[in-house]
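For reference, the structure discussed in these notes is given below.
The values are calculated or read from the model by the stated rules, or taken from the named source; none is laboratory data. Only a predicted model underlies this, so the values are computations on that prediction, with no experimental measurement involved. Glycine gets a Cβ as well: all are built from the backbone with ideal geometry, and neighbour counts include every protein chain shown. Remember, those area values only see protein heavy atoms, side chains included, never the ligands or the DNA or RNA. Shrake-Rupley method; radii C 1.70, N 1.55, O 1.52, S 1.80 Å.
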Amino acid sequence: MERYDPKEIERKWRARWLEEKVFAARDDSPKPKYYALVEFPYPSGDGLHTGHVRSYTAMDIVARKRRMEGYNVLYPIGWDAFGLPTENYAIKTGIHPKIVTKKNTDTFRRQLQSLGFSFDWDREVNTTDPGYYRWTQWIFLQFYKKGLAYKEKMPINWCPSCKIGLANEEVVSGKCERCGTPVERREKEQWMLAITKYADRLLADLDTVEYLEKIKTQQVNWIGKSEGAELGFAVADADGVPPLIVFTTRPDTLFGATYMVVAPEHPLVHRLEDRITNLGEVAEYMKKAAAKTEEERLAEGREKTGVEIKGIKAVNPATKEEIPVFVADYVLGSYGTGAIMAVPAHDERDFAFAKKFALPIRQVVARHSAEAHPAGADLPYTGGGILMNSGPFDGMDSEAAKREIVKAVGGRAKTQFHLRDWVFSRQHYWGEPIPVVFCEKDGMVPVPEKDLPVMLPDIEKYQPTDTGESPLSAIREWVNVACPACGGPARRETDTMPNWAGSSWYFLRYTDPKNDKAFAAPEKLKHWMQVDWYNGGMEHTTLHLLYSRFWNKFLYDLGAVPVSEPYMKRTSQGMVLGKGGDKMSKSKGNVVNPDSVVENFGADTLRVYEMFMGPFDQAIPWDDKSIQGAGRFLERFWNYALGLIEATKEEKERYEARAQQPKRAALHRTIKKVGDDIEAMKFNTAISAMMSLLNELTASEGDGHAAALPDEDLRALIKILGPFAPHMAQELWSRMGGATYLDFEPWPVYDPKLAVEDETTLVFQVDGRVRDTVRAARGIGEEEARAMALANEKVRAALAGREPKRVIFVKDRLVNVVA
RNA sequence: GCCCGGGUGGCGGAAUGGCAUACGCAGGGGACUUAAAAUCCCCGGCCCGCAAGGGCGUGUGGGUUCGACUCCCACCCUGGGCACCA
């Protein structure tokens, strides 16, 4: 028999799939559509990662199964190619990022093709292609026209190493997500996208999609909706000065507000400078706080700092008391109104601050009633309850009191979000130029759509400047342009877009990747959207996922996209860790290169191994040895199937004379399990089920021969393996005489009648402990089973003469004798 | 601190409330071979026992149940996300 030769088989089918464009998605198919999506890779110089393989194999399995189920499947791929590593490489070597990108995408394409993914290679997109970023710029202009893209001077997170401004999302515990350098705060004029305008819908519409629960939770937390109220606190003895507005989720505790705090950025101090008696001290504190990096704030822990603003008092609108006002950096300028009412009895932070500065702590909410919860006991108490020390509201439930007190003091209900507007400027070369010019006469003027794309010019030096200006600003002939409005002298915007821009809409482009009249034709979008299933990394749950949902919703509002939510279903794969459980990294030297695995074992083995290694959503360490298990399985499968295919007529007859029923039942149970498990992304148990079946089929039955399967059943067996090991399955399929591509053959039908075995294993228990197991005919009744159990020797021994009090019977499973 | 996960053999892990440890890796024994590799067969939770058999076992402590890895309560450990968000 011919040996399993993955290299030869894979080379052959890979070439045919590509040449014949077998997996090209058709826009005009009468079949129902299915859009399977994976995150397109950033084509780094390191090449494909085992993590890509895990995600792409999983969705390839889904895509291939869907084709077999009769769907017209779109499974596209492309390159998210703008970004810092390529630029840094260009800075170091002087090689143009375009050239580096070309080289890297060529490598990635070769690697992806070597794994046999059923991508539609005719729809490849590349975010750095002017034909692509033209439309990224076009979408930006639509944001601009709707007032959702705006420029604002604001403190940004500045990475001194990357020399780039970062979005809040890119700062992880005060450090640059990319290089780990502590970020600084700098004032800069930045382009912003008003994602907060969509906060409510980004939150509410999560109910309309099927994301993994933990993904939804992360989005919900990131958006961070708080329902509360805005209340005004008058400044004492200051007619004409507007009141201090605070945001609170606990207006019911207003009677306990014994002081106020404003953020260091709050305008109050400037407004009332001449009344402040300790202005020097206050100004000093504000200066220090402004310069503080996130890193320093974290290093201080929760230790509260602050300074009282002397000379100014605020009036509690409920009690009419005059209360002191502090400036302290535990209040953030960027959230709410930048000012709070402090209720030390019912807020942990206010409590800590009040203790430190010896401020009064007045309890106004009791757990049950003032009597049951003596004043001062276990404060701070942050839960709800019954009001006390609150004048006319005493005894009221805190939920009711929230509404009543807001009404009584003339406040208004208010919803706040943690989500901030998206800092959309980068001061770098390798990104989409922002299509705006600054005219001496007309000010800010958007580039007309007909002049798109604003091409990225070729330059000599990619190095960003220490002043934070983009390297583009040095290219005079590019920067200086005629104003599109008046023709007068104007300058181009030299900031570029963040690397999140291109990936915020790429799934739309796949539906119509070559269109040069629109980002995609409406009928193509209508045909393919929405994405049915999107798999990607957990690390993109709060950034890319939210951004792309936002862009899609915006385009939906323009009428340019047919669905409000881009993705029906979103799942995530766990990381592939290095040996020993550490993250794979070059510095640790534990990076596994898929190329060498394909070279040594074959693509099908790598695919099966990565799907078998453990639960799909869990991080699993790589194990060189375990790959062999996947390889052995495929080889055994090959030998078994080929043995049957090449068996002589006599051999076949002899095999088939053997009792088929249990094997057939096992096959049908496996068909069901593999199908169900693919849908639930339980690829590991799908594969173990196929392994078990193969073990059962090849187990010698005394005559040294494996069990035979009729051709029909062997075909079904090859089909369910197909999505996992497509090259080998296709080869076996064609050796069985199949002239077609396996991927378009119908997925085997599970027959519940065939899946039931005639016999079952009955467990006999005494007092819940297993005493024996016996084979019995399926479906026997309680009486019979009970009699068998009571007659069983081991059961009788365990009973030791005791009379059974009760007998529990579970059909086809067990008899439990309770004595 | 808050929000999600997860604790099962030497390892990765499997188990609609019903045979705990499937499947795979590693390990031990055997067959084949001049030999090795590959392949095939058999054995692998712990303790007592020559064995038959018995006892103990899914992070810890309780509970519900005829029966708990699975459900409930409390706790410990651990991975991830958020974090002075009023």
Would you check if there is a residue in segment A:725-738 being open to solvent by less than 40 Å² (accessible area, probe 1.4 Å), in a loop (DSSP other than H, G, I, E, B), within 16 Å of RNA strand B (Cβ to nearest atom) and farther than 30 Å from A:Asn535 by Cα?
no
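Residues A:Asp812, A:Asp751, A:Asp772: which one is at pLDDT 85 or above, open to solvent by less than 70 Å² (accessible area, probe 1.4 Å) and away from RNA strand B (no atom under 15 Å from the Cβ)?
Result: A:Asp751 is the single residue among A:Asp812, A:Asp751, A:Asp772 that is at pLDDT 85 or above, open to solvent by less than 70 Å² (accessible area, probe 1.4 Å) and away from RNA strand B (no atom under 15 Å from the Cβ).
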Of A:Glu757, A:Glu784, which residue is more than 23 Å from A:Leu606 (Cα to Cα) and open to solvent by 60 Å² or more (accessible area, probe 1.4 Å)?
A:Glu784
Residues in segment A:330-363 that are more than 8 Å from RNA strand B (Cβ to nearest atom), at negative phi and in a loop (DSSP other than H, G, I, E, B): how many?
6
Can you list the strands (runs of 3 or more DSSP E) lying wholly within segment A:390-465 that have 2 or more residues being open to solvent by less than 10 Å² (accessible area, probe 1.4 Å) and within 23 Å of A:Pro489 (Cβ to Cβ)?
A:436-439
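In segment A:251-267, which residue that is more than 41 Å from the chain's Cα centre (by Cα) and part of a helix (DSSP H, G or I) is nearest to A:Met396 (Cα to Cα)? Steps first, answer last, please.
Here is the first cut: in segment A:251-267, the ones more than 41 Å from the chain's Cα centre (by Cα) are A:255-256, A:258-259.
Those left that are additionally part of a helix (DSSP H, G or I): A:255-256.
Values: A:Phe255: 13, A:Gly256: 15 Å.
Only one residue fits best here, namely A:Phe255.
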I'd like the full set of residues that are within 16 Å of the chain's Cα centre (by Cα), open to solvent by less than 20 Å² (accessible area, probe 1.4 Å) and within 30 Å of A:Gln427 (Cβ to Cβ), limited to segment A:192-250.
A:Leu202, A:Gln219, A:Ile223
Just to be sure I understand, how many residues within segment A:536-557 are open to solvent by 10 Å² or more (accessible area, probe 1.4 Å) and at pLDDT 95 or above?
2
List the residue pairs whose Cβ atoms are under 7 Å apart, where the first residue sits in segment A:616-637 and is among the hydroxyl-bearing types (Ser, Thr, Tyr), the second is open to solvent by less than 30 Å² (accessible area, probe 1.4 Å) and more than 6 Å from RNA strand B (Cβ to nearest atom), and the two are 6 or more positions apart or on different chains.
A:Ser626/A:Tyr609
Could you go through segment A:496-516 and let me know if any residue there is more than 30 Å from A:Ser572 (Cβ to Cβ), touching a strand residue (DSSP E or B) at 6+ places or on another chain (Cβ under 9 Å) and exposed (fewer than 14 other Cβ atoms within 10 Å of the Cβ).
no
Yes or no: segment A:195-202 includes at least one residue that is among the charged types (D, E, K, R), at pLDDT below 75 and within 24 Å of A:Asn535 (Cα to Cα).
no
Determine which member of the set A:Asn639, A:Asn600 is out of contact with any helix residue (DSSP H, G or I) (no Cβ under 8 Å at 6 or more places or on another chain), closer than 20 Å to A:Asn695 by Cα, at pLDDT below 95 and open to solvent by 10 Å² or more (accessible area, probe 1.4 Å).
A:Asn639
Determine which member of the set A:Lys625, A:Lys682 is at pLDDT 90 or above, within 12 Å of RNA strand B (Cβ to nearest atom) and open to solvent by 60 Å² or more (accessible area, probe 1.4 Å).
A:Lys682
